[in-house]
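Values in this text are rule-based calculations from the coordinates and carry no lab data. If you're wondering where the values come from, they're calculated on a predicted model, not measured in any experiment. A quick note on method: Cβ atoms are made from the backbone with ideal geometry, for glycine too, and the neighbour counts reach across all protein chains shown.
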Amino acid sequence: MNKLVNFIKQVNTLSSTLENYYYIYTSNNINQSDIKKLKELKCAIKTNITEDILTAYNEGVSRDDLYYIVNAQSDDEIRSIFGKCRYVVSDFYQLEKINSISKELIKKGFLESIAISFSLDNNSTFCKENLSKLSLALKNADAIAVRGVFFICNATTDNEYINYMKSAYETAKEIASTLPCKITFINFGSCIDSLSKASLKKSNSDLQYIQNTNLVSYLNTTSFYSRFLIS
């Protein structure tokens, strides 16, 4: 099945099951027709391809719905989409690079809002073990503010998936209380497949998974007030 067609099918399935969630499509050489379909569904786009950001932005997609995964792109590539997306960084080198570029380009007195890729099991640079170090780095950064968290899901069993959303939510609150920034958007990554399957199968564990996901959404509306996204 075509990747976008499958994604749209998953979103339509989950829209009748989950409350107050948005969805992110991971793009690879996106075209205008794809963008139109995603805009109709009010879905965001995540990519590491510079041209995809430029194409989507020129088609009227808000920068708040465009997430650029920073990896080995050149500084010129990163500069070319400044102000057109939200950068997502996964280590301190990338954090410093985006801060440096933002310092060159942003208006005085403003901060560039970015997101971090975060591991729940300490398998990446940004994890609970390094929260204090990250907080210090952000206090020293003068052109950026972390507003979003992209959680990495490594769940493989039903029980791990059931607990993933609650664990990520609790960790997000810890991140928000530690970092000198207000967290305004959170991506629960690598779970759209499992959630859409759970929504259709409806075994006891599937129903618990869906229930926990909706519980986290409810808690968000009563205390955390962030935008929740699923990919």
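Here are some notes:
- Its residues counted as N, the range 140-220 yields a C-alpha radius of gyration over 2.2 N^0.38 Å of 1.24.
- Size descriptor for the range 72-162, Kirkwood hydrodynamic radius: 14.2 Å (Cα pairs only, one decimal).
- Dipole magnitude of the range 43-171 about its Cα centre (Cβ charges: Lys, Arg +1; Asp, Glu -1), debye to nearest 20: 520
- A viscosity of 1.567 mPa s and a temperature of 4 °C, combined with the Kirkwood radius over C-alpha pairs in the Stokes-Einstein formula, give the range 169-216 a diffusion coefficient of 105 µm²/s.
- Convex hull volume of the range 1-115 per residue (C-alpha atoms, cubic angstrom): 120
- Per residue, the average separation of C-alpha pairs within less than 8 Å and at least 6 apart gives the chain a relative contact order of 19 percent.
- Under 18 Å from the Cα of residue 42 - lysines, other chains or at least 8 residues apart: 3, 9, 84
- Order of 47, 17 under a 10 Å beta carbon neighbour criterion, fewest first: 17, 47
- Each of 127, 43 was scored by other Cβ atoms within 10 Å of its Cβ. Arranged with the fewest first, they read 127, 43.
- If you take all other residues with their beta carbon under 9 Å from the beta carbon of residue 144, and give Lys and Arg +1 and Asp and Glu -1, the sum is -1.
- Proximal charge balance of residue 8 [Cβ under 11 Å; K/R count +1, D/E count -1]: +1
- Taking Cβ atoms as reference points and 14 Å as the exclusive limit, the residues near residue 207 contribute a net charge of +1, counting Lys and Arg as +1 and Asp and Glu as -1.
- With Rh defined as the Kirkwood radius, the inverse of the mean 1/r over Cα pairs, the Rg/Rh of the chain is 0.96.
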